[in-house]
Structures are given as structure tokens and as C-alpha cells.
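The values are calculated or read from the model by the stated rules, or taken from the named source; none is laboratory data. Note that the coordinates shown come from a computational prediction; the quantities given were computed from them, not determined experimentally. Virtual Cβ from ideal backbone geometry, glycine too; neighbours counted across all protein chains shown.
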Amino acid sequence: MMPKKLIISDSAGVCFGVEKAVTTAEEVLNENSNKNVKSFGPLIHNPQVVDILQKKGLSVVDEIKKNERGTIIIRAHGIPNYQEKDLEESEINVIDMTCPIVKKLQFAVKYLSDNDYFVIIVGNNKHPEVIGAKSYAKNESVMVIKDKNELNVEQIPGNKIGIVAQTTIPKELFWDVVDIFKLVTNLNIKAIDTLCDDINNKQIESKEIAKDVDIMFVIGGKNSSNTKEIADICKNVNKNTYQIETFKEIKDLNMNLRNKVVGITAGASTPPWLIKQTIDGVLHGG
Ligand code: SF4
């Protein structure tokens, strides 16, 4: 099953935001013998890592009850400001692991809304990061659109428009929306680039590799938005692209990799040991 050549993306795997959240959770779990440690939503979008943390005692919750005790870790994607307020008012010890780049997005939404801009967030309405960021806008002064095709300029109230992006979307999705507004006269537009450079590098590099290989594997949680984006970008240039969580899925596909050029990349929440397992599996058959 040995491939002819294996090309591994340099930028594959965990970003600093995910690494900090996971190592902090491990430290907190080691220090807390009573194991009363929770995370608000899955700490990161990688089921294998969350599973290991849960075995070490982490429980994943999506609401905080009054008089709750112990320690809660806020996930890398952040949470809405009203939930942060609930946490401040509770007795629980809070460790905020919201990634600084996600914080920048939250502050950008707040800044724009406080200065009376109607805020457009380009991203996925259902993603926790976007739900969190949206909460920083004043009532009814924010809209989430997936891309320029969902934009109807005539429906946007007022003439002050602020535009930001979910941190992990491809750059052009954000700038395409900004460009549409630039064509409309009499608008006061403020675009704040809230995109994550780490993800942008992964997207560019993965696309370049996918163009040159027979088969492309993108490792990462099926619930990971950034992994899915990378897989979609690769699929656009190479239809033999597969998003997988573990090497077992490659095995189950029962592919013949002999004499094939294989590319491997991974999302920002994929740990190094999962990447290594996949590489070893592809090279030696698992
Ligand atoms: S992908 Fe970027 S924005 Fe998301 S946690 Fe990692 S560094 Fe932060």
C-alpha cells in the first residue's frame, strides 16, 4: 500500500489558540483532584482530543446552573457575552481560553455596533464562534451571511455598514462582500479583517498540495469548521479529497495507494499524534 510519494503540509495541525486551550485544560485537570472541571461546549472541535480530556475528568456542559461550583473553561471559540455575564455572577472559577483572534472579532463587532454601524458578519450563522460574536452587537443591528450570494444590499438599514468575518472562512468570501458594498454610493463602510492567518496559510498551502497529488487527505473533526473549509478548498482542485478523523477511515475506504502521490494536511484542532498515526498508517498500512 506504500505510496510513491507523500507530501505533508508544513502548516498542518494545531494552532496556538487550540494548543493553549488544550494544555491549559490538561494542567487544570492535573491540579484538580476532585475533577470538578467543565468546559463550556466542546473545548475544541476534535472528538478524539475531547474524548481524552473527558476520560481525564473534563465534563462538557452547555449551561451553568445557579450556585455551580468548581472550574469552567471557556472554549477557544468563545461564548456569547450574556453567558459570560452569567458566569461572572456565579460562584464558579472561570478560565477563559477564548482565542485572542476570536476576541478580536468579538471586540470588532462591539466597536462597530457601539459606533452605530450595522454589522455584517460573513460566516456560518450556526457556528459557536459566530453566535458568540453576534451577541456583542446591539439588538437588531447585526446580520450573518454565508457569502456574497446571501447579500441583499437593499435590506440593510442605515448608511453606516461594518463588515467582519468568522475567523476561519476563506479570505475571498470576506473581501467579495466588502467589494459589493464599495460599489454602492453614499455608504459609510468600515471593514475590519478578523481572519486568522494560521488558517489562511493552511488553506493556501493545502490547495497547492492538492493540485499536485493523486489523493488528498484532510485530517480533522467532522464538526470542525476550519477542517471542512480546507477539505472543500482541496476538493475544488482535486476531487480525490477525503476528510477523515483517523487512519481507520482511510483503511475502511480500502484504497490502493501503491504508486500514488498522496497529500496530507490537517485542520487547526488536529493534534500531532493523530497526524503521525495517519502518516504511519499510510506509509506502513497501519
Ligand atoms: S484557528 Fe485561528 S482563530 Fe481559531 S483558535 Fe486557532 S488561532 Fe484562534
query = Can you find a residue in the range 92-99 that is closer than 30 Å to Q243 by Cβ, surrounded by fewer than 16 Cβ atoms within 10 Å (Cβ to Cβ) and aliphatic (A, V, I, L, M)?
reply = no
Filter the range 258-273 for residues that are more than 16 Å from the ligand (Cβ to nearest atom) and either in contact with a Leu (Cβ under 9 Å, 6 or more places away or on another chain) or of a type in the set (K, R) (or both); the one that is modelled with the lowest pLDDT is R258
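Take the conditions part of a helix (DSSP H, G or I), within 19 Å of the chain's Cα centre (by Cα) and either away from the ligand (no atom under 16 Å from the Cβ) or more than 27 Å from N125 (Cα to Cα) (or both) and apply them to L283. Does it pass?
So L283 does not fit the description; no.
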Any residue that is over 20 Å from K104 (Cα atoms), β-branched (V, I, T) and within 16 Å of the ligand (Cβ to nearest atom) - is there at least one of those in the range 52-61?
no
In the range 122-154, residues that are outside any loop (DSSP other than H, G, I, E, B), in contact (Cβ under 8 Å) with a residue 40 or more places away in the chain and within 16 Å of the ligand (Cβ to nearest atom) total 6
Selection over the range 1-51 where residues are away from the ligand (no atom under 16 Å from the Cβ), of a type in the set (K, R) and part of a helix (DSSP H, G or I) yields a count of 0
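Can you find even one residue in the range 107-117 that is buried (at least 18 other Cβ atoms within 10 Å of the Cβ) and either under 21 Å from S269 (Cβ atoms) or at pLDDT below 95 (or both)?
no
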| Would you call K276 of a type in the set (K, R), more than 16 Å from the ligand (Cβ to nearest atom), free of Cβ contacts under 8 Å to residues at least 40 places away in the same chain and not in a helix (DSSP H, G or I)? | no
- Can you find even one residue in the range 179-187 that is assigned to a helix (DSSP H, G or I), more than 16 Å from the ligand (Cβ to nearest atom) and surrounded by 14 or more Cβ atoms within 10 Å (Cβ to Cβ)? yes
